[in-house]
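Trainee: Provided herewith is a single structure, encoded as structure tokens, for subsequent inquiry.
Every number here is computed from the coordinates shown, using simple stated rules; none is lab data. Quick caveat: nothing in here was measured; it's all calculated off a predicted structure. Virtual Cβ from ideal backbone geometry, glycine too; neighbours counted across all protein chains shown.
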Amino acid sequence: MNYIEFEGRKIAVRPAVEDYEIDENGEYQRQIPFFREAFGKTGKNPVEKDRYILFWAKDCAWSNRIAIVYSMLGLEDSIKEEIVDWTKLDLPVGWECVNAENHINKESNARFIGELYYRSAPEFIGRPAVPVLYDYKEQKIANNDFQNLSYYLEEDFRAFHKVGAPDLFPSEKQTEIREMGNWLYEHINNAIYKMFFGKNKMAYQRGYDSFLFGMEKLEKSLSEQRFLLGDHISDSDIRLFSTLVRLDEDYGKGLGISEKLTDYPNLFDCCREIYQLKDVRKKIFFEKMYRGKITEEILDEIEKMWSSPVSRFEKSKESDSIYLVKKS
């Protein structure tokens, strides 16, 4: 049975990664998102205000990335949000709406992310993961495609972006951004998890080698330009940042990676410049990224390091502005 019942709720069970995401070579193969329907003209999901709610978690890099984009675009007035956390119940259900009143999200009347998965697709077998963009008019998951969801918010929801929002997915660079997104997934974002879940030394080493190659290549690239694709911040930079902001205090400690982000001055400065943007910073919670017991002193030290003044405008070729703003 792929679900359990609790308090009258049917909840999709969250299995261990080891149960079905490890191949015959002991390598981690991340599950493919189940809900991948597009929005607007290219998909069945309508683009509307007051229809969707974004479920995400502070300690999940994949959903944190989407939350950062959501914040930068000013979509709070059009799309609701619910921040979830790991359940403290002795149940195999994963994410719970712990910040909602009585732990029940009012738009969906759900307590667990697994409820949304079971409700939307009773046949689903896998990890009920975040991010989730949930359609509360239809009471079903619209999309959980962590690789493409930010593109939909950036492109299809343009009508609801705040005035002065950055164009993170400009039309003339969309192919380049998608290609960079795929490259980052292989060499940065998912390479970390290839190490973490690898079941033998060879599987770990392949993830590590890919990650190290990616870091060295990006460090060289950022020695010559302000951001990954030029003068302006793009979706690609948010993908990079959401992983690397966790490197030293979380991933590195858990995986025994000797290399630190601070060993790569251009990468570190680029990430700090991104962190210091108001709409990014308010979605970053270092206390949720720290592996081990964190004190106020440690937290203050981390935030002070990330907040120390930095600017890479001298690497800009044509514009000092960090944002490319789409003209109306």
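Trainee: Mean projection of the alpha-carbon convex hull of the chain over all orientations, in nm²?
Mentor: Numbers: hull surface 69.5 nm².
Across all orientations, the chain yields a mean hull projection of 17.4 nm².
Trainee: Cross-link list K173/K326; K49/K282; K199/K260; K88/K293; K199/K220; K88/K137: which exceed 20 angstrom alpha carbon to alpha carbon? Please list the in-between numbers first.
Mentor: Details: K173/K326 13 Å; K49/K282 23 Å; K199/K260 24 Å; K88/K293 18 Å; K199/K220 32 Å; K88/K137 30 Å.
As for pairs spanning more than 20 Å Cα to Cα, those are K49/K282; K199/K260; K199/K220; K88/K137.
Trainee: May I pose another question? For region 70-148, what size does the Cα cloud have along each of its three principal axes, sorted from largest down, in whole Å?
Mentor: 37, 28, 23
Trainee: Scan region 66-163 for GluC sites (Glu not before Pro) in coil per DSSP, keeping those whose Cβ has at most 14 other Cβ atoms within 10 Å, and list them by number. It would help to have the intermediate numbers written out before the result.
Mentor: Values: sites: E76, E81, E82, E96, E101, E107, E115, E123, E138, E154, E155; in loops: E107, E123, E138.
Counting only loop positions with at most 14 other Cβ atoms within 10 Å, the GluC sites (Glu not before Pro) in region 66-163 are E123, E138.
Trainee: Placing +1 at every Lys and Arg Cβ and -1 at every Asp and Glu Cβ, with all other atoms neutral, what dipole size does region 171-315 have around its Cα centre, in debye to the nearest 20?
Mentor: Working: 24 positive and 26 negative charges, 107 e Å.
For region 171-315, the charge dipole is close to 520 debye.
Trainee: Would you kindly state how much longer the chain becomes between K278 and E5 on full extension, computed as 0.36 nm times their sequence separation minus their alpha carbon distance, in nm to one decimal? Mind dumping the intermediate values first?
Mentor: On the way: separation 273, 0.36 × 273 = 98.28 nm, distance 4.17 nm.
Taking K278 through E5 to full extension adds about 94.1 nm, to one decimal.
Trainee: Using 0.36 nm per residue, how much length does the chain from N148 to A121 gain when fully extended, once their Cα-Cα distance is taken away? List each step's numbers first, then the result.
Mentor: Details: separation 27, 0.36 × 27 = 9.72 nm, distance 2.01 nm.
So the chain would gain 7.7 nm between N148 and A121.
Trainee: With only Lys, Arg, Asp and Glu charged, each at its Cβ (+1 for the first two, -1 for the last two), find how big the charge dipole of the chain is about the Cα centre; round to the nearest 20 debye. Walk me through the numbers before you get to the answer.
Mentor: Values: 48 positive and 58 negative charges, 79 e Å.
About 380 debye.
Trainee: Over the Cα atoms of region 7-160, what radius of gyration and what Dmax do you get, in Å?
Mentor: In Å, with Rg to one decimal and Dmax whole: 15.2, 47.
Trainee: Of F124, F196, how do they rank once you tally other Cβ atoms within 10 Å and put the fewest first? Spell out each step's value before the answer.
Mentor: On the way: F124 19, F196 14.
Listing F124, F196 from fewest to most nearby Cβ atoms yields F196, F124.
Trainee: Taking the beta-carbon count within 10 Å as an exposure proxy, list E186, E314 from fewest neighbours to most.
Mentor: Details: E186 14, E314 7.
With the sparsest Cβ surroundings first, the list reads E314, E186.
Trainee: Restricting to Cα pairs below 8 Å that are 6+ residues apart, what does the relative contact order work out to for the chain? Please round to a whole percent. Mind showing how you got there, number by number?
Mentor: Numbers: 521 pairs, mean separation 63.0, N = 328.
Over the chain, the number comes to 19 percent.
Trainee: Further question on the same structure: Which number do you get for Rg(Cα) / (2.2 N^0.38 Å) in region 159-289? Before the final figure, lay out each step's value.
Mentor: On the way: Rg = 15.3 Å, N = 131, 2.2 N^0.38 = 14.0 Å.
Normalised by 2.2 N^0.38 Å, the Cα Rg of region 159-289 equals 1.09.
Trainee: Over region 5-68, what is the relative contact order in whole percent, taking alpha-carbon pairs under 8 Å and six or more residues apart?
Mentor: Values: 24 pairs, mean separation 7.2, N = 64.
The value is 11 percent.
Trainee: Given DSSP loops and a limit of at most 10 other Cβ atoms within 10 Å, what is the longest stretch of the chain that contains no such trypsin sites (Lys or Arg not before Pro)?
Mentor: On the way: sites that count: K44, K88, K293, K317, K327.
The longest uninterrupted stretch comes out as 89-292.
Trainee: While we're looking at this one, here's another question. Pulled fully out, how much extra length does the chain show between N109 and Y20, if you take 0.36 nm times their separation in residues and subtract their Cα-Cα distance?
Mentor: Details: separation 89, 0.36 × 89 = 32.04 nm, distance 2.99 nm.
The span from N109 to Y20 would gain 29.1 nm if fully extended.
Trainee: Only Cα pairs within less than 10 Å get springs; with that Gaussian network setup on the chain, which residue of W86, W56, W95 has the largest fluctuation?
Mentor: W86
Trainee: Sticking with this one: What dipole magnitude, in Debye to the nearest 20, does region 110-224 give about its Cα centre under +1 on Lys/Arg Cβ and -1 on Asp/Glu Cβ? Present the calculation step by step, with values, prior to reporting the outcome.
Mentor: Values: 15 positive and 17 negative charges, 119 e Å.
The calculated dipole for region 110-224 is roughly 580 debye.
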